[in-house]
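Accompanying notes for the structure given below.
The values are calculated or read from the model by the stated rules, or taken from the named source; none is laboratory data. All values derive from a computational prediction rather than experimental measurement. Here the Cβ positions follow ideal geometry from the backbone for every residue, glycine too, while neighbour counts run over all protein chains shown.
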Amino acid sequence: MQNAVGSVSPVANPPKRMRKARVLVGWVSEQEGALWLSGRQQSQINNPTLLAKARLAREEAEKLSGRVKPWESPITDISADLKAYETEWRSSAANAETIKQGWVIKTADLSRICAVQVLVHIEDFGERTKGLSQSDMKSLAVVCVPVPQPLTLNADINQNELAFVISCDNPNLRVVGMYAGPVPQSGNPVYGFNVAIINSCMSVSECAGRFILTDGYHRAYALLKAKITRVPVLFRKVGGYSEIGFPPVPGILPQEVVLGDHPPLLPDYLNDKVSAPAEIKSTQKIIIVKATQVDATL
């Protein structure tokens, strides 16, 4: 069977593991901070040492008001040497919906972009920036706003249950469409789903005077660690915070924090006064495609 991204073949499930991260402790409650610092262990929610650490981080964060100046945009037009790459990116059929939504390629100063994710995973960040430099904007564009490439996804096949199980560490694994058509050799019909890893680009949304990173946190951390601050991104302006599309879950800062007087900026992930290292349980995105045969009574 073929899907939108390649062939399906059995693959073993990888073992569970902990992932290293940096947590913006200064912008969550003391108890929430203790949870994040303990790797989300509920038994540690009232740990005095962790609560004290979270309290200090919150006090330091409150001193950071006035850093965001809405009249000074961190977004500028791309340089002439990126025009050819922009044309290549826009010509990809996979980007048609993104372009329709109003996203355009711009240059962003990461040191002045607001963060909305409580944590950023920091494993293998050095691999993301290997060979990159601030002066090579074309290479930065390939990493920050990549042109979609064909991918192959493997799946576990359960013949007894008539099911495919597709799992991936990448959270951008999605069902992107449905398929109905004949098998070329037999002509029998096939009904199924198209599965793909959505192309991830570093993206910035402007909302109420805030410029907010909406995708690409791992890359942003790696770039800032490498002292690279100006990079190509996708950019668009939205009319309201809800248009950004972040769900109200523990890993996302609420609107009143991001639009408040001292929102976190991306470099704060590297600031030990307001953020801290943590180990978080890894998660996998899993898609189960299953056929169920039923003898229905009429």
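Given ARG58, ARG112, ARG90, which one is closer than 30 Å to SER139 by Cα and either buried (at least 16 other Cβ atoms within 10 Å of the Cβ) or among the acidic types (Asp, Glu) (or both)? Give the steps one after another, and end with the answer.
Working: ARG58 fails: closer than 30 Å to SER139 by Cα; ARG90 fails: either buried (at least 16 other Cβ atoms within 10 Å of the Cβ) or among the acidic types (Asp, Glu) (or both).
Criteria check complete, one pass: ARG112.
Of all the numbered requirements in (1) farther than 23 Å from ILE212 by Cα; (2) touching a residue at least 24 places away in the same chain (Cβ under 8 Å); (3) out of contact with any Asp or Glu (no Cβ under 7 Å at 6 or more places or on another chain), ALA80 misses one, and that requirement is (2). Under the condition of being among the basic types (Lys, Arg) and more than 17 Å from the chain's Cα centre (by Cα), which residue from region 228-273 is nearest to LEU213 (Cα to Cα)? So, considering only residues that are among the basic types (Lys, Arg) and more than 17 Å from the chain's Cα centre (by Cα), the one nearest to LEU213 (Cα to Cα) is LYS237.
Select from region 63-95 the residues that are assigned to a helix (DSSP H, G or I) and among the charged types (D, E, K, R) and write down the one among them that is nearest to CYS144 (Cα to Cα). Among them, the one singled out is GLU86. Those strands (runs of 3 or more DSSP E) of region 216-298 in which at least 3 residues are at pLDDT below 85 and over 17 Å from VAL116 (Cα atoms), considering only elements entirely within it, cover 285-290. The set of residues in region 40-62 that are outside any helix (DSSP H, G or I) and on the phi < 0 side of the Ramachandran plot comprises GLN41, ILE45, ASN46, ASN47. Give the residue that is surrounded by the most Cβ atoms within 10 Å (Cβ to Cβ), with candidates limited to residues of region 241-262 that are charged (D, E, K, R) and without any contact (Cβ under 8 Å) to a residue 40 or more places away in the chain. The residue in question is GLU243. For the residues GLU30, GLU60, the requirement of being of a type in the set (Asp, Glu) and in contact (Cβ under 8 Å) with a residue 40 or more places away in the chain singles out GLU60.
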